[in-house]
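Below is one structure, written out as structure tokens; comments come after it.
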There are 2 protein chains.
Amino acid sequence: MPRPPTTQQFVLDELRRAILSRELAPNQPIRQDSVAHELGVSRVPLREALKTLEAEGQVVYRPHRGYTVAELSLADLLEVYRLRELLETEASLVSATKADERDSATVRAELRAVAEAAANGDLVEMIAANRRFHFAILEPADMPWLMRMVRTLWDTTDAYRAVYYNAPANRSRVLEEHEAIVRAFEARDGAELAGLLQQHREHAVAALRATLADTANG
Amino acid sequence: MPRPPTTQQFVLDELRRAILSRELAPNQPIRQDSVAHELGVSRVPLREALKTLEAEGQVVYRPHRGYTVAELSLADLLEVYRLRELLETEASLVSATKADERDSATVRAELRAVAEAAANGDLVEMIAANRRFHFAILEPADMPWLMRMVRTLWDTTDAYRAVYYNAPANRSRVLEEHEAIVRAFEARDGAELAGLLQQHREHAVAALRATLADTANG
DNA sequence: CGACGTAAGGTTGGATCCAATATACAGTCG
DNA sequence: CGACTGTATATTGGATCCAACCTTACGTCG
């Protein structure tokens, strides 16, 4: 596996992974010295990577007090999904009017990638492919500012997505829903597409609500 | 004027100001050494500030090639306003259902601040007060993720706002529209509020379109 | 005369070192 | 006994220095 071109990009990837896997727990202060040593790099690229994560809302920064991993409350989670609803609905409507055959082929390829990863039981790859699948649907809208925001919103909830995909029932429902979504996309039916994506998200939210309630009790 | 607590915050403010005033022109490479010397600081806090601006889309970064000021095309401008429409409409609707008397007082105070700055011919203060006015309207919605995104969208178009406010006719229309907006806010009429804000934005877009067309020709 | 390779200079990327601030603990005073 | 203050330590913030990469100009070859 080739290391990214710059160290700070490598550090950024590692930090995202660590936050996702709870290796760095929410509210935990990030000791720059220890993390830098752990990754075998200096503090400078680490600090630049943390600045990026701060702008994305993944960590919070207090001057002279350092960075801590952001805690995502239930309210935050609901807000993030509401914002995804607003932005992705817009993007899918526009995308349906602009997409061509090449876009359909890309989406269909990603659909297969998700299904394949699911069949192989490769959760990490399934999450990555799922992301590519959804972004491939929105990409034809050609709205770079929107895409940037949607990407940030996805990043913040990556940790929860891992939990969601852990349950086999959730995984199979995801695959079924993806099939319907692709059909709407290929039919260029924006309203249908937006509606299906909305249901897709609502199912995830419902499941996550239940999980969070469980965690809070247990 | 007290300097901010950290140097990087100071640098961030200075960079925003420089980009806004076209002191740093779009597509112009940002030579870290010269800018750092100009501000009397080292390159480290400058680089951290640039990372923040990169995440906001104000500058673009190419590894080993450095940062350049982002160019905002007409398509970008229209997209940014479309996204503001989506997000601010949502926020204003929620805000109308949650706001209390204290919020009304805050909004009204900012309304006066804008009018006062306009009367004094203080454009910089007018822009700042206008921003506070609009955010005070959205704040009661209590949606921090949305506010963060809206803030970013405002930041990217600050340069254009300065142009817009330069025309006296635009300024007086802004003040009139603000009056109506406050009335809807105090009446807790979400639909009316959202509609008025939308018109408010559309007027700005129309004026900016005309300005950009002029600039392109001249 | 044009195109490619190469070398030199300049700019960014990263590491180390020093200064400034916050935190924690101990000692003292009310 | 509790609260405050002063000090020591750990951690972050910033400056300087070195390495890696990109760019550009020059020379050479086709």
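With the condition kept exactly as written, say whether any residue in segment A:136-145 is assigned to a helix (DSSP H, G or I) and surrounded by fewer than 16 Cβ atoms within 10 Å (Cβ to Cβ). Yes: segment A:136-145 contains one or more residues that are assigned to a helix (DSSP H, G or I) and surrounded by fewer than 16 Cβ atoms within 10 Å (Cβ to Cβ).
When segment B:36-77 is filtered for residues that are of a type in the set (Gly, Ala, Ser) and either away from DNA strand C (no atom under 13 Å from the Cβ) or not in a loop (DSSP other than H, G, I, E, B) (or both), the ones remaining, listed by number, are B:Ala36, B:Gly40, B:Ala49, B:Ala55, B:Gly57, B:Gly66, B:Ala70, B:Ser73, B:Ala75.
Of the residues A:Ala169, A:Ala162, which single one is modelled with pLDDT under 95 and under 15 Å from the mean Cα position of the chain (by Cα)?
Details: A:Ala169 fails: under 15 Å from the mean Cα position of the chain (by Cα).
None of the other options fit; the residue is A:Ala162.
Name the residue, out of B:Glu116, B:Glu88, that is acidic (Asp, Glu), crowded, with 18+ Cβ neighbours inside 10 Å, at pLDDT 95 or above and part of a helix (DSSP H, G or I).
Exactly one of B:Glu116, B:Glu88 is acidic (Asp, Glu), crowded, with 18+ Cβ neighbours inside 10 Å, at pLDDT 95 or above and part of a helix (DSSP H, G or I), namely B:Glu88.
The number of residues in segment A:7-16 that are facing chain B (nearest Cβ under 10 Å) and surrounded by fewer than 18 Cβ atoms within 10 Å (Cβ to Cβ) comes to 1. Taken over segment B:17-44, the residue count meeting the criterion of being away from DNA strand D (no atom under 13 Å from the Cβ) and either on the phi > 0 side of the Ramachandran plot or within 14 Å of another protein chain (Cβ to nearest Cβ) (or both) is 2. Provide a single number: the residues in segment A:45-68 that are within 7 Å of chain B (Cβ to nearest Cβ) and either near DNA strand D (Cβ under 10 Å from one of its atoms) or acidic (Asp, Glu) (or both). Total meeting the criteria: 5.
The values are calculated or read from the model by the stated rules, or taken from the named source; none is laboratory data. Everything numeric in this text was worked out from a predicted model, so none of it was measured. Ideal geometry is used to build each Cβ from the backbone, glycine not excepted, and the neighbour counts take in all protein chains shown.
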